[in-house]
Amino acid sequence: MKFTDGYWRKRDGLTVLHPAHLLDSSVTPDSLTVYAAVKPVRGRGDTLNAPLITVTATAPAPDVIRITIDHFQGPVAKFPNFSLTSSPVEPTVDGVSITSGALTARFSDGEHWGLDFLVDGERITGSGWKGMGVVDTADGRSYVHEQLDLGVGETVYGLGERFGPLVKNGQSIDVWNEDGGTSSEQAYKNVPFYFTTGGYGVLVDHPGKVSFEVASEMVSRTQFSVAGQSLSYLVIHGPTPADVIRKYTALTGRPALPPAWSFGLWLTTSFTTSYDEDTVNKFIDGMAERDLPLSVFHFDTFWMREFSWCDFEWDTRTFPDPPGMLKRLAGRGLKVCLWINPYIAQRSPLFAEGKEKGYLVRRANGDVFQWDLWQAGMGLVDFTNPEARQWYADKLRHLVDMGVDAFKSDFGERVPTDVVWHDGSDPERMHNYYTQIYNQVVFDVLRSSKGEGEAVLFARSATVGGQQFPVHWGGDNSSTYESMAESLRGGLSLMSSGFGFWSHDIGGFEGMPDPAVFKRWIAFGLLSSHSRLHGSTSYRVPWNFDEESSDILRSFTHLKYRLMPYLFGVAREAHDTGLPVMRPMVVGFPDDPAAAYLDRQYLLGEDLLVAPVFSESGDVRYYVPAGRWTHYLTGEVVEGPGWVRETHGFDSVPLLVRPGAVIPVGARTDRPDYDYRDGVTLRLFENPAPGTTIRVPGPAGETTTFTVARDDATLTVTRSGDALPWKVQRGAEVTEMAADQESCTLTLG
């Protein structure tokens, strides 16, 4: 939301108060509060009819400072609020400065108001002249805004899964969940958190609508504003983007570790296609006949009867024996996922039950909220009601007991604000927050039923903390190269917002992709954390495009399964530290100015660089950071830094390995979940640094560790862990090691 008319004037109808004169302060053991008048106070008369703005600073965690700006403190506290895990430190307060770890917030004393954030005495950002403001409109609305300075060349990332440019500078963004597809400015997953190349991140602690002007109103500042009389935000010191993400996810929650089988290939019925058990079996048989190893089969919306979503009952006209079918699919080694949403159609028997028991959201007059958008007469489950949560969970648990392994928790964005919630939640704050309760209910059903480490969702909507319930996918895209690119931008934006795992519809959701689009998308899809074939009105089995599509899908599925020792290790890192599996280049190379704007390539973990091909011709340009990078598929070496232009067939994609990396490669191509240590090959690229450690996970959480040592003439890899056969590969040379051999020495040449 913009409040100014150019640099000097305010927009018509606005009254804006800015702190101008810091009058005094008060200190407690864990806080610093300053009181600022909106004009200089030089005599007693200046204290009359003079608004006061109260600014409080606290330290909820090391290297984190919270700033709370209050005008009137009388309004009743509203909820819900984000659930933040604080680890408060006793800050150092010195005059009008407060320090947490290496981060200091320093207020300017006297008549020259300002708030500076410093690291080891050096300013990283701050709120300068007229940066902080309290706004009243002519029609009685109120807002509070803050503006933090952006340095020369400083770029901004995050704010959820946004499909426009990865760098947010120049954009006006409202954090407000909407079902708008991937080709619009709207977003399914809105997160009021960003980080910058200036060495810090910012979380606006407000679950409702937050408006950001990122160098789009004041072009050297990032502004954020909320409705009401108070605004609270947290500044998180890095210094690197990776450090900021680690500290942010320590506050808001780390992702659960998805089960290894979920990293395999998912195939769905698609959305409005016609299907029954015979159709499903033909798809699965066709995949098996073509050696296309499948891990998960997903039933989309029409597993339930039309106009009845959700009643959680199989449509027995097409699936007469659901328990038997699920048992047969499990017998073929497949996991099963079902589509659900939090809406209850009027035709569903659950609507009357939910209405009677108060489980559906109501309007102020007591009527159940209803509309015909999506499902006729649908209502919305009120997850603020503990009994409604249990009711919904019991329906899902029945399906899990029947043999279902995962849920696609769709929707959760279309949440009205003209309603009353069971627990008294503020409707504006619940609009975005609703998805957090919804996905947690679904995830907890799977976790309690399947066990820790076995729960996984395919969720579309999210807010702060949603990363705890993976996996999220990118929503409704189209079957074009342009939509493939916007999907990647959305994923990288989400990864910049603290989410560890992400997927997208291979081939695009809307429309029937050209075979070339489908084949190019396969490589991107199988080199994402999770991989799903899904469409809207057409099936996504590869032979529907051409037989080469089956060959391409086989090749990249086998590649992903062999990379699982590496990928699952990266997944554990995401679970432990919050660093995402797929990373914007700026996260891996924050000191390389060329990395700042790269949004057509990404890092897959720390050591792999992926540059999807967005053309039928195979022409692709991508940037290589400094060093001798190696094409994983061909062994060719590319010297960076610099831009590279190549042409790739459908069976190839730029997949480069960082200099000095050791990539553990598995022995199996038929499934993603196996003992990665058994027969693992350690692929050495260039000369790994002494002390390089590779941890290869086993099936029950155990780990085998390999350590690199080097002198002038030799390189030695030593194993510690269970005795299993292993290999070391350097270039074309492969050394096979027996299970009882614990070290391998290679001659450097």
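Considering only GLY140, SER83, GLY642, the residue lying farthest towards the positive end of the dipole of the chain is GLY140, judged by Cα position with unit charges set on Cβ. Charges were assigned to the Cβ only: +1 to each Lys and Arg, -1 to each Asp and Glu. The resulting dipole of the stretch 275-374 about its Cα centre is roughly 320 debye. Of the whole protein surface, VAL637 contributes about 70 Å² of accessible area at a 1.4 Å probe radius. Which shape class applies to the chain: rounded if a/c is under 1.5, otherwise prolate when a/b exceeds b/c and oblate if not, where a ≥ b ≥ c are the square roots of the Cα gyration tensor eigenvalues? In terms of gyration-tensor shape, oblate.
Each peptide in 163-170, 638-645 was scored by the mean count of other Cβ atoms within 10 Å over its residues; highest first, the order is 163-170, 638-645.
Measure off, as a whole percent, the carbon and sulfur share of the 1.4 Å-probe accessible area of the stretch 215-290, all protein chains present. Before the final figure, lay out the partial values.
Numbers: 1090 of 2080 Å².
Answer for the stretch 215-290 is 52 percent, counting heavy atoms of protein chains only.
Applying the Karplus relation 6.51 cos²θ - 1.76 cosθ + 1.60 with θ = phi - 60° to the stretch 2-15 yields 3J(HN,Hα) values of 9, 10, 10, 10, x, 7, 9, 10, 8, 5, 4, x, 10, 10 Hz, where x marks Gly and Pro. For the stretch 530-645, give the percent of accessible area contributed by carbon and sulfur heavy atoms, probe 1.4 Å, rounded to a whole number. Carbon-and-sulfur percentage of accessible area, whole number: 46.
Could you calculate the contour length gain from LEU48 to THR693, that is, 0.36 nm times the residue separation minus the distance between their Cα atoms, to one decimal place in nm?
On the way: separation 645, 0.36 × 645 = 232.20 nm, distance 6.71 nm.
Gain on extension, LEU48 to THR693, equals 225.5 nm.
For the listed peptides 450-456, 548-554, a ranking on the average number of other beta carbons within 10 Å per residue, highest first, reads 548-554, 450-456. Only beta bridges with both residues in the stretch 116-269 are counted; by DSSP, about 95 percent of them are antiparallel.
From the P(r) of the stretch 525-661, could you give the percentage of C-alpha pairs in the tail past 18 Å? Intermediate values should be presented prior to the final figure.
Working: 5475 of 9316 pairs.
Across the stretch 525-661, Cα pairs with separations above 18 Å total 59 percent.
Taking a ≥ b ≥ c as the square roots of the eigenvalues of the alpha carbon gyration tensor, the stretch 649-746 is oblate, as a/c is not under 1.5 and a/b does not beat b/c.
Regarding the stretch 478-517, what whole-number volume in Å³ per residue does the convex hull of its Cα atoms give? Walk me through the intermediate numbers first.
Numbers: hull volume 2.2 nm³, N = 40.
With only Cα atoms used, the stretch 478-517 gives 56 Å³ per residue.
Most tightly packed first, judged by the mean number of other beta-carbon atoms within 10 Å of their residues, the peptides 345-356, 527-538, 657-668 read 527-538, 657-668, 345-356. Put simply, the amide H of GLY511, placed in the peptide plane, has neighbours under 5 Å in SER536, THR537, leaving out anything fewer than 5 places away on its chain.
Would you mind getting the accessible area per residue of the chain, heavy atoms of the protein chains only, 1.4 Å probe, in Å²? Walk me through the intermediate numbers first.
Working: 26970 Å² over 749 residues.
Ligands and nucleic acids excluded, the result is 36 Å² per residue.
For the stretch 1-64, the percent of C-alpha pairs falling in each 5 Å distance bin, counted from 0 to the bin holding the largest distance, reads 4, 14, 17, 14, 16, 16, 11, 6, 1.
Choose one of LEU527, GLY508, PRO565: the residue whose Cα lies farthest towards the positive end of the charge dipole of the stretch 492-588 (beta-carbon charges +1 Lys, Arg; -1 Asp, Glu; about the Cα centre). Final value for the positive-end residue is PRO565.
To the nearest whole percent, what portion of all C-alpha pairs in the stretch 375-507 is separated by more than 27 angstrom? Could the numbers behind the result be given before it?
Numbers: 2236 of 8778 pairs.
Looking at the stretch 375-507, the distances longer than 27 Å represent 25 percent of pairs.
Along the charge dipole of the stretch 108-188, which of HIS112, LEU166, ILE124 sits closest to the positive end, that is, farthest toward it, with unit charges on the beta carbon of Lys, Arg, Asp and Glu (+1, +1, -1, -1)? Looking along the dipole axis, the top candidate is LEU166. Rounded to the nearest 10 degrees, the angle from helix 515-526 to the longest Cα principal axis of the chain is 70 degrees. Less than 5 angstrom separates the built amide H of GLY660 from those of PHE685, GLU686, ASN687, all sequence-distant by 5 or more or on a different chain.
Whenever you get a sec, compute what percent of the accessible area on the stretch 331-461 sits on carbon and sulfur atoms (1.4 Å probe).
Numbers: 2130 of 4650 Å².
Ligands and nucleic acids excluded, carbon and sulfur reach 46 percent.
Distance from the Cα centroid of the stretch 354-408 to that of the stretch 88-157 is 43 Å (rounded to whole angstrom).
Basic side chains Lys and Arg get +1 at the Cβ, acidic Asp and Glu get -1 at the Cβ, and with that the dipole of the chain about its Cα centre reaches some 460 debye.
State to the nearest 20 debye the size of the charge dipole of the stretch 1-42 about its Cα centre, where the only charges are +1 on K and R beta carbons and -1 on D and E beta carbons.
280
Each 10 Å bin, from zero up to the one with the longest distance, holds this percent of the alpha carbon pairs of the stretch 469-604: 13, 41, 35, 11, 1. Would you mind pulling out the separation of the Cα centroids of the stretch 633-653 and the stretch 673-749, in Å? After rounding, the separation between the Cα centres reads 26 Å.
For the stretch 1-120, what class follows from the C-alpha gyration tensor (a ≥ b ≥ c being the square roots of its eigenvalues): rounded when a/c is under 1.5, otherwise prolate if a/b is larger than b/c, else oblate? Show your work: numbers first, answer last.
Working: a/c = 1.75, a/b = 1.40, b/c = 1.25.
Cα axes put the stretch 1-120 in the prolate bin.
The value for the stretch 536-582 of Rg(Cα) / (2.2 N^0.38 Å) is 1.61. If the segment from THR745 to LYS727 were pulled out straight at 0.36 nm per residue, it would be longer than the present Cα-Cα gap by 5.3 nm.
The values are calculated or read from the model by the stated rules, or taken from the named source; none is laboratory data. Keep in mind that this is a model prediction, so the values were computed, not measured. Cβ atoms come from the backbone with ideal geometry, glycine included; neighbour counts cover every protein chain shown. Heavy atoms of the whole protein, side chains included, go into the accessibility calculation; ligands, DNA and RNA do not. Shrake-Rupley method; radii C 1.70, N 1.55, O 1.52, S 1.80 Å.
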